[in-house]
Amino acid sequence: MRWRHLGGRLIIGHNLSVSNLAIKNLEKHFDGVKAVNKLSIAFEAGKITGIIGPNGSGKSTLINTLTGLIPADSGEIIIAGSQILKKIRAYDIPTYGMTRTFQDVRLFEQMPVIDNILVVLTERSIWKSLFERHSKIHMEKAEDVLKKVGLLDKRNDLAKNLSYGQRKLLEIARILAMIHCGAGDINVIFFDEPFAGLFPQMIKIVTSVMKELRDEGKSVILVEHNMDLIRELSDHVYVLDSGELLAQGSPSEVLTRKDVIEAYLGE
């Protein structure tokens, strides 16, 4: 990827006008270990970008840095081609048009499924939303996103009582509520191993959601170990190894490379 400066503004090759998010020379080290090492990549709008690599390659560190869970040591984060940040705080990521899922699903466990969605829709504090009399339109929107992920019949169940797969679907439903019903303008969505532990029918639901987000012009970023799903969903793939970019390109180009096979598959 080529980078240049023009009049003090960072230009990201030919992707400037279509990148919702990019990074330049991003670094994160842990006690001398280079988890992310001078990484420069971009995530295009209207594309699903796969991030793959062996365990310890830096995938989770990259996402956690870009979503404010851990601070970057150096480098730049470029939002919408022009806004340059040195670091992001976790509670600010919606402000920058980003949201994410987690490997370890994070829900309001003691609240009913429907309330987990209403908290997002009402955009108030958790405690205020608990005692708010929700409008009919809020309830309709919440039920719409639950229906989309197949959880409408679970709307009155406590989140803690859902199965592992259902909990993942609820987390995705909250993202859909934020994107389609909230006040924010979300353009970048990170999916951190969203298919792990899902039954085939659930996989179809998540796959459909991701494709719809892509068609809406969002930058969908997928970290996934299932290469069949990477082939099916990804428009572009980045391969990380030891915190560095090993390869990039279409799934058909990347997944047949000898160095990728050796690094990722251990062959």
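Return the residues of segment 44-81 that are among the polar types (S, T, N, Q) and in contact (Cβ under 8 Å) with a residue 12 or more places away in the chain; say none if nothing qualifies. Of everything in segment 44-81, those that are among the polar types (S, T, N, Q) and in contact (Cβ under 8 Å) with a residue 12 or more places away in the chain turn out to be THR49, SER57, SER60, THR61, THR65, THR67, SER74.
Just one of the listed residues (LYS147, LYS141) is under 18 Å from LEU158 (Cα atoms) and either small (Gly, Ala, Ser) or at pLDDT 85 or above (or both), and it is LYS147.
Within the bounds of segment 189-198, is there any residue that is among the charged types (D, E, K, R), surrounded by fewer than 14 Cβ atoms within 10 Å (Cβ to Cβ) and at negative phi? No, segment 189-198 contains no residue that is among the charged types (D, E, K, R), surrounded by fewer than 14 Cβ atoms within 10 Å (Cβ to Cβ) and at negative phi. If the Cβ limit is 6 Å and pairs must be 6+ apart or interchain, which residue in segment 83-109 that is in contact (Cβ under 8 Å) with a residue 12 or more places away in the chain pairs with which residue that is of a type in the set (A, V, I, L, M) and in a loop (DSSP other than H, G, I, E, B)? Close Cβ pairs satisfying both conditions: LYS87/ALA72; ALA90/LEU69; GLY97/ILE186; THR99/ILE186. With (1) aliphatic (A, V, I, L, M); (2) over 21 Å from the mean Cα position of the chain (by Cα); (3) modelled with pLDDT under 95 as the list, and LEU198 as the residue in question, which single condition is left unmet? With respect to (1) aliphatic (A, V, I, L, M); (2) over 21 Å from the mean Cα position of the chain (by Cα); (3) modelled with pLDDT under 95, LEU198 is out only on (2).
Can we say TYR264 is modelled with pLDDT of 95 or more, under 21 Å from VAL36 (Cβ atoms) and surrounded by 13 or more Cβ atoms within 10 Å (Cβ to Cβ)? So TYR264 fails the test. Going by what's in this entry, would LEU85 be described as of a type outside the set (Gly, Ala, Ser) and either in contact with a Leu (Cβ under 9 Å, 6 or more places away or on another chain) or more than 18 Å from LEU240 (Cβ to Cβ) (or both)? Yes; evaluated as a whole, the condition is true for this residue.
Counting only helices (runs of 4 or more DSSP H) that sit wholly inside segment 157-235, those with at least 1 residues that are over 23 Å from ILE137 (Cβ atoms), of a type in the set (Val, Ile, Thr) and touching a Phe, Trp or Tyr at 6+ places or on another chain (Cβ under 7 Å) are 200-215.
The values are calculated or read from the model by the stated rules, or taken from the named source; none is laboratory data. For clarity, every value in this text was computed on a predicted model and none was experimentally measured. With ideal geometry, Cβ positions are generated from the backbone for all residues, glycine too; neighbour counts draw on all protein chains shown.
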